Amino acid sequence: MDVEQFRKAGYAAIDRICDYYINLDSKPVSSSVQPGYLAPLLPKTAPEEGEDFQTIAADYESVIVPGLTHWQHPSFFAYFPTAATFEGILGDLYANAAPNPGFNWSCSPASTELEAVVMDWSAQLLGLSSVFHNAGGIGGGALQTTASDSALVAIVAARERLRALTEVPLEELLVYVTTQTHSLGLKAGRVLGLQVRALEVRAEDRYALSGTVLRQALEEDKAAGRRPFILIATVGSTSSGAVDNLPEITAVLQDHPEVWLHVDAAWAGLALCCPETREALFLDTINASVDSFCANFHKWGLVNFDASTLWVRDRKSLNEALDITPPFLRTAHGDAGTVVDYRNWHLGLGRRFRSLKFWFVLRGFGVEGFRKHIRQAITLNTTFVDLLADMEIFELVTPPSLALTVFRVVPPSHAQADLAALNALNAAFFARLAVRPDLAITQTVLNGVFCVRFAVGAARTTQAHVRAAFDVLVEEAHAAIALWEPTA
């Protein structure tokens, strides 16, 4: 493909993308294809000769798009939102036009320096203290792939910080998560060969970790010869939207300064851009006490995947844990310490020019644009909660969290039914929802209670979409109850 062919294909691609978004509302949210659908539609081997790009693009429309789940659909209420903005698409396009690996400053100075700038802009957007800003030279932030990578990096840094202070056998080290922490904690433990303990959280605490539970665990484990060295706390857990009690946690950890406190705020952290949410999300405690903080701009934050942000209070902890510099990676600027080499802030060597799409999105929306987006989703969730309250068949399992509601079906005539029976009803209710093409929604289990999650956040979702989804929920709840009641 020469330049003019690329120009023509590029125009056509933009047209296709625009048509996709114009017609997105009319598409089913979830794909209806069956497992293994794609291979029979494609040749057994790659073509011997290159094909015309228009043929390739037409095949994308005919065989790939039918297999997509449309996470940007305004009726997508599953998991958490996935950002998809035109500014982000264009940022990725420009970045892909200059695909430098970015493992040190010399690879492409703009890649490194723009990342430092947009990480500081993002920190300011969320209200993070200047201690986390790159400009201060002590702490700072770097882009990661996902919150899982951020947690893994934090664990490595915490482990090496402790081992620099005292010799501790690896088998004694212990990672703390909670029973509501994302699976990233358990996966990181498996990758690093470390023990992981999930601390129990209670419904009466809104599924948040309390200082009492943490203190008891620390006393038990230290008495047994184990060495807890990092706690992954959560601001906005996946299942319930819980916010761990950071003031209580940090008060307990004052007596255990060797324990690194990492906050995973992958979804809810973006709500910190709104001043009215900061007290409930414990921003003051984050700024005063946590060692590292993660938020995913590719969820609620308008920057297309992948765009996870990790800030640390002390960048030296990362550099000392992750700096491997063979001779072929050494540079005059790096040796002089006058530049940041971001390969020492994450596990990989090469890294994408992700900061460019941040720059496009932050400039395109501005701080107020971000706040408007977050506030709109919270308002729409409030509408959904009000609709639930008007129907006696629904019950909140835990108080709503920002733009997330967790609920279940509890028919008034069977409000005293045992947990197993109600779980069976709600499993049947969700099974009906799961095959619907007109919305996407997900299930969870909170301390043995089967429930349904409703997460608002797609940029194109309106009141009409929320009300239409609610009507579907009512329809399927009544259908599930009608089938369930005779045997309850």
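Dipole check for the chain: with +1 at the C-beta of Lys and Arg, -1 at the C-beta of Asp and Glu, and the Cα centre as origin, the magnitude is about 380 Debye. Look at the alpha carbon pairs under 8 Å that are at least 6 residues apart: their mean separation over the length of the chain gives a relative contact order of 22 percent.
Cα gyration tensor of the stretch 83-133, axes a ≥ b ≥ c as square roots of the eigenvalues: rounded (a/c below 1.5), prolate (a/b > b/c) or oblate? Because a/c hits 1.5 or more and a/b fails to exceed b/c, the stretch 83-133 counts as oblate.
The tail of the calculated P(r) for the stretch 220-281 beyond 14 Å holds 62 percent of all Cα-Cα pairs.
Given the Cα-Cα distance of Arg163 and Lys8 and 0.36 nm per residue of separation, how much length would full extension add, in nm?
On the way: separation 155, 0.36 × 155 = 55.80 nm, distance 5.73 nm.
Extra length from Arg163 to Lys8 when fully extended: 50.1 nm.
Under the criterion of Cα pairs below 8 Å and six or more residues apart, the relative contact order for the stretch 363-487 equals 26 percent. For the chain, pairs of C-alpha atoms spaced more than 46 angstrom apart make up 15 percent of the total.
What ranking, highest mean first, results for peptides 443-450, 38-45, 210-217 when packing means the other Cβ atoms within 10 Å averaged over each residue? Could you put the intermediate results ahead of the total?
Numbers: 443-450: 16.2, 38-45: 8.9, 210-217: 17.8.
In descending order of packing, they fall as 210-217, 443-450, 38-45.
Under the membrane-span-like helix rule (DSSP H runs whose alpha carbons stretch at least 20 Å along the helix axis, mean Kyte-Doolittle hydropathy 1.0 or higher), the chain yields 419-434.
Around the amide H of Gln144, modelled in the peptide plane, lie the amide H atoms of Ser308, Thr309, Leu310, all under 5 Å away and 5 or more residues distant in sequence or on another chain.
Only Cα sites of the stretch 363-487 enter the Debye sum here, all with the same form factor; the resulting log10 I(q)/I(0) across q = 0.20, 0.22 1/Å is -1.13, -1.33, listed in q order. Each residue of the stretch 48-56 was assigned a 3J(HN,Hα) from its phi angle through the Karplus expression (A = 6.51, B = -1.76, C = 1.60, θ = phi - 60°), giving 5, 10, x, 9, 5, 5, 5, 5, 4 Hz with x at Gly and Pro. Shape descriptor for the stretch 100-352: Rg over Rh equals 0.96 (Cα atoms; Rh from the Kirkwood inverse mean 1/r). Taking other Cβ atoms within 10 Å as a rough exposure proxy, Cys107, Cys451 sort from fewest to most as Cys107, Cys451. Looking at the chain, identify the longest residue range that excludes and avoids all GluC sites (Glu not before Pro) in DSSP loops having at most 15 other Cβ atoms within 10 Å. It runs 52-166. Loop-located trypsin sites (Lys or Arg not before Pro) in the stretch 303-344 (DSSP state other than H, G, I, E, B) with a sparse environment of at most 15 neighbouring Cβ atoms within 10 Å: Arg330. In the stretch 363-487, taking the dipole from charged Cβ atoms about the Cα centre, the farthest positive-side position among Ala427, His373, Gln416 is held by His373.
The Cα atoms of the stretch 246-365 cover 48, 43, 21 Å along the three principal axes, with the biggest extent listed first.
Near Tyr79, once Lys and Arg are set to +1 and Asp and Glu to -1 for all other residues with Cβ below 15 Å from its Cβ, the sum equals +2.
Taken together, the values in this text are just the output of simple stated rules run on the coordinates, not laboratory data. All figures in this text were calculated on a predicted structure; none of them were measured in a lab. Because the Cβ atoms are built from the backbone with ideal geometry, glycine has one as well, and the counts that use them run over all protein chains shown.
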